[in-house]
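K.L.:
Sharing a structure, written as C-alpha cells. Questions coming.
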Amino acid sequence: MGRGQRAAGSMWCDASARRSLAPEPANPDFFRTRSRSLTAPPRQCPPPPRTGNPALHWSSLRPLLKPLPIRPRLRSSPSLKTMAIYPKFVPSLLIALFVIQSMKSTHSKVFTNVSCIGAEREALMKFKEDLTDLSGRQQSWIGENCCKWKGVECSEKTGHVLKLDLCNHCEGLECSLGGKIHHALHKLKDLKYLDLSFNNFSTQRIPNFLVSLQKLEYLNLSSVGFYGHVSNQLGNLSNLQYLDLSNLWWWPSIKIENIRWLSTFSSLKYLDLSYVPLLNSKEWLSPINMLSSIEFLMLRGCNLEDLSPSLHVNFTSLKFLDLRHNSINSSIPPWFQNMSNIEHLDLSFNNLIGIFPTFILENSRRLRFLDVSKNRLEGELLKNMSNVCNLQILNLRSNKFSGKILGTKDDDLICGRSYMKTIDVSGNNFSGHLPNQFGNFKDLEFLDLSWNSILGPIPTTVGKLSSLKELYLSSNKLSGNIPESIGQLSNLEVMDIHDNQLDAIVNELHFANLTSLTKLYFHLNELVINISESWVPPFQIQVIFMSNCKVGPRFPTWLQTQRSISILYMSNASILDEVPYWLPEVLSNTKRLDLSGNISRIIGKKMPLLRLVSLSGNNLDGGIPTSLCMSDELSFIDLSKNKLSGRIPQCWRKSQANLEWISLGDNKLNGQIPDSLCHLKRLGVLSLRENGLNGVFPKCLLKLDLVNLDLSDNQFTGRVPLFGQHARSFRTINLERNHFTGNIPLQLCHLVNLQYLNLAHNNLFGGIPRCFNNFSHMWANSTFTPYGRFPLGFSVMVKIKGMSLEFTTTLRYLFSIDLSSNALDGQIPKGLTRLARLQNLNLSQNKLIGEIPSDIGNLRDLESLDLSNNKLSGEIPPSISNLDSLSCLDLSFNNLFGPIPLGNHLSTLDDQFVYRGNDGLCGAPLLKVCPRYELNDMERRNSHNMSEDESIEGESFFKWIYSRLGMGFPIVDHEDNAMLGFNKAVQFAIHRSTQKIIFRPSMDMREWSYP
C-alpha cells in the first residue's frame, strides 16, 4: 500500500482493495459491509477554531466519538461488525471537556486583533518558505500581523504566538503540507499548542529544536511521516498535558527504543502512541505507571506482549484505555481491579487467555464501553446480566465465552431499564434460549448473537426493540416461526437470520412497518415466502439473500417496486417463471446477481453497473448475449451448467478492466476461444470445460496473469501451451480430455505456485519433465497460503480414488498431478518424490518403464496413487508402506515382481486387484506365497539393475540362461528353490527371470530377455 493511505481503521481505502470476487451465494458475509464501527477511530483534526475562542477546543478530541470502517472478514471467521460510539455516549466527551478545561485555565486569552512580535513573524515566514503547500492552505500568511494568519493565535496581553494549528483536515494527502520544518520555530518560546498532524514530513526526523519549546502543553505529531527514533530529550517538555505521536498512515513510523522519558510528564493527561513500535515492549508498563495524572491512554498496535501481572499498577485516574491490536498473550492481571474510574476499556485483537475477571465489571461502575473481541477469553460472563447493565457498548465477539445467553430470572432480563446501545457476542459458545423479555432495551440499536449455539424460537418480544437498527441472529440453531412482531421495528436497517433451522411462512405482516430496511438475509433456512402479487413493500431494499427459500413458482412481483437493489441472491428459490420484462430495469443499479437454478432464459439487456452475474444451473439456452461486453463494471460472470450454444462472443473490450472471472463450463458452446479475451488484462479465472470448443489455445492469453484455467472435455488441438513462459501465477491447469499432442513443455516447471495439473486423456508423448520438482508450492517446507487471489467458488472435476469428484471451495487445499491416458514413456522422475504435499498422483495408462522411485514414501500426504497399465519393473519399494494417508492404490498391469511390502497401513489395502497383472509379485494380499530366500543389502542392490533399458550384461546373461534351458540344463528347482553353484544374488536374479519367462509364454523365444 502506498503513501497517503490510512491504516486499518482509517477513514478511506483504495477502491480496488475493496473489490471482492466470486462470493459464494451461501455466504453473503464475504462482501457484507456494515455502517458503523465499534472501535474508537484514529485521531482527526478539530475544525478550525473560531475567533475569540480559547486556544484549545473540545472538538480536538472529537475523533474519539467518530466511527471507523474495518476490513472485510474471511469466510471461516465470525463476521466483523461495524458499530458506533454514539453521540449520546457522553462519558468520554465529558472527559475530553475536563481535559480541555484543565488546560485552558493555564492559558492567556488569544485574539487575532493583536499585533504579533516581529521576530516571531519572521520565524513563521522562514517556516513557511521551507514548506510545500500545493493546496494553498497558507494563502493567508501575508501582511505584518501574523496573529491574523490561519492557524496562528496570539496572546491578548503580550502578542506572543501561543497556538500553531496546521493539522491537515482533508481525508487524504491532497491538502497536506510537505517539505521540511525550519528550526526557526524554536523562537516561539511562548508556544503552548502545536499541531502538525496528518501532514507529510516523511523526509526528516523529529526536529530536535522541539525540546526547546518548554511551555508546550499540547503537542500533536500524529501521522506526519517522521522517521527514526524518538529522542529521550522529549522528556524535557515537562508541562505537556496532551501528547500524540501516533501513526495512522501506511508508511514507516517513528520508533521508540524505550519510554522511560515519559515518567517525567507528571501533568500528562492524554497520551497516544498508537501504531508506533515500542522496541522494548516488555518494559512499557513501569514508565506509564509513573503518569499519575493520566486519563486517556492509547497504545494500540504498539507490539505490546505483556501485562506484568506481578507489577503494582495504580491507574486510579485512568478513564480511557485502548490496548487493541497488540500481541498480549496472557490473562488479564489483577491490577485491572484498581481502575475504579475507567469508562472506556478496549482490549480487542490480542491473544488474551483465561477466564475474564468479573471484578472489572463489579468494581468499575462507571464503565460504559467494553471491547474484548478477537481474543481467547472464557467464562460465563453473561450468566449474571446485572454485571453488564451499566454498559452502553459490549463487544465479546470471537472468544470462547459460554453459558446461557443473556442470563434471566423467571424469564425476565434482570437489568431493569437498560441504556445499552450495542451488544455483540457473536462467534462464541453461548447456548440456551433467547429471553422472552426484551422490553427493557429501549435504546438498543445493534444486536449480534450470530455464530453461537442458541436454540429455540425467536421471541415475540423482539418487536419491542424500538430503536434497533441492526439484528444478526445467523448461524445458530434457532427453529420454529419468525414472529410477526418483528415487522414493527421501523428503525431496522439490517435483518440477518440466515443459517438456522427456521421453517416459517413469511407474509406481509413480517415487513409491515420495516420502512428503514435495506439488507435482508433469509437464506439457508426452510422459509416459504408467501406474499401476494399486489403487495407493495414499505422499504427500498439494497441487499437481498433469499437463496434456498421457496419464493416461486412465480417471479416475485414486489421486486418491481424496488429501485436500489445492488445485490440479489435468489438461487434455488423454486422459481419456474420466465424472467419478467421489467427485471432489467429494476436491476439497473445491481452489482451482484445470482438467480441460479431458477429461470429459463437469460437477461439480455444492458445493466451498466452490474459487477457480478451468476446464472449457473438454469435451463438457459440460445447464445451468450453480447450485452455482457458492454458492462465495464463486470468482474464476475458465471453462466455454467446451462444449455447455451453458439460461439463465445468476440466483443470483449479493453475497457472491461475489472473482469477477472469467466465461467462458461457445462454448456454446448462451439468454435474457438476468441482473441478478444486477451483484452481482459485482469482475467484470472477462465473455465470453459465440457463444451464443444476446438482449435488452438490463443498465445496472447499466456501473457495474462491467469490463476485458474479449465479447458477440460473439449476438442482443443495442437501442442500444450507454453504455460510459464510469461505469466507464472497459475495454481490450477486442467486440460483433460482434449486432443493436445507433443511433449510436455518444460516451461511448466516455472509455475512455482502450481498445485493442480491435469493433462490426462490427450495424445502426449515423451518423458515426464524432471524439473517437475520445481513446483515449490507442493514442497513440505513451503509456505502454503490457501486464500490466494481467488479463494472461493472455482470448481474442477477431479478423478481421485477411482471416482470423479467435484472440488469447489476445498480445491484450494488439493495438490494433484494427473498425466494418465497418454503415451508418455521413460522413467518416473525421482524428483517427483520431493512434492511432499501431493495428495493425488495418477500416471496410469502410459508407457512408463523403470522402477518405482525408492523414496516414494516421502509423499506422506498421498491419498491416491495410480501407476497402473505401464511397463514398470522391479520391486515395490518398501518405503511405500510409509504412506499412512494412502486410501487408494493401483499398481496393476505392470512388470513388478518380488514380495509386496508389509506395513501397518498398507496392509489395509487388501484388494488383490491393486496388484493384478504383475505375475512376479507375491505375498499378501495375493494368494501366491513368496519363496524362501534371504538377501543381504549388497546382493539386493545388485539384483535391482536388470531392466531392459539399463543392463546389457543382464540381457546377455539371461540369453545364456535360456540357452542352458534349451539344452536341458536344470538350473531351478521350484519345489525347494535350490540353485546349482550360484551365489544368492545370482540365484535370486535367476528366480525372478524365470518367473517372467513363465508368465510370458507367448513371447517369441528369440525375444526373451529380462523385461
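K.L.:
Between Q139 and I353, what length comes free when the chain is fully extended (0.36 nm per residue of separation minus the Cα-Cα distance, one decimal in nm)?
P.N.:
Contour length minus the Cα-Cα distance gives 71.6 nm.
K.L.:
Moving on to the next point. T783 to C651: extension gain in nm, 0.36 nm per residue of separation minus the Cα-Cα distance?
P.N.:
Residue separation times 0.36 nm, minus the Cα-Cα distance, leaves 43.5 nm.
K.L.:
Also: Going by average Cβ density within 10 Å per residue, which order do the peptides 324-331, 813-820 take, highest to lowest?
P.N.:
Descending mean neighbour count gives 813-820, 324-331.
K.L.:
For the peptides 732-743, 895-906, what is the packing order when you average, over each peptide's residues, the other Cβ atoms within 10 Å and list the highest mean first?
P.N.:
732-743, 895-906
K.L.:
Could you give P(r) for the range 196-246, binned at 5 Å from zero, as whole percent values over all Cα-Cα pairs?
P.N.:
5, 21, 31, 28, 14, 2
K.L.:
Based on the Cβ-Cβ distance from K255 to K150, what FRET efficiency comes out when R0 is 30 Å, to the nearest 0.05?
P.N.:
It comes out at approximately 0.35.
K.L.:
Which entries in K150/K319; K641/K681; K319/K442; K282/K383 show an alpha-carbon gap greater than 30 Å?
P.N.:
With Cα atoms farther than 30 Å apart: K150/K319; K282/K383.
K.L.:
Let me ask something else about it. For a quick check: with amide H placed at 1.01 Å from N, whose amide H comes under 5 Å from L478's, ignoring anything fewer than 5 positions away on the same chain?
P.N.:
Sorted by chain and number, the residues that satisfy this are Q501.
K.L.:
By how many nm would the segment from W535 to S317 lengthen if fully extended, with 0.36 nm per residue of separation less the alpha-carbon distance?
P.N.:
Separation in residues times 0.36 nm, less the Cα-Cα distance, equals 72.6 nm.
K.L.:
Starting from the amide H of G695, placed 1.01 Å from N in the peptide plane, find each other amide H under 5 Å away whose residue is 5 or more places distant or on another chain.
P.N.:
Residues meeting the amide H criterion: T717.
K.L.:
Using a 10 Å cut-off on Cβ atoms, rank the peptides 382-394, 747-759 from the highest mean neighbour count down.
P.N.:
Ranking the peptides 382-394, 747-759 by packing returns 747-759, 382-394.
K.L.:
Something else now. Pull up all non-local amide H partners of G622: gap of 5 or more, or a different chain, and H-to-H distance under 5 Å with H placed in the peptide plane.
P.N.:
S645
K.L.:
Need one number: nm distance between label points at R719 and E283, each 7 Å from Cα along Cα→Cβ, rounded to one decimal.
P.N.:
6.6
K.L.:
Among the listed pairs K163/K255; K157/K189; K830/K871; K591/K699, which have their C-alpha atoms separated by more than 23 angstrom in this model?
P.N.:
Pairs exceeding the cut-off: K163/K255; K591/K699.
Where a number appears in this text, it was derived from the coordinates with a stated rule and is not lab data. Here the structure is a predicted model, which is why all the values come from computation and not from measurement. Methodologically, a virtual Cβ is constructed for each residue, glycine included, from the backbone with ideal geometry; neighbour enumeration extends over all protein chains shown.
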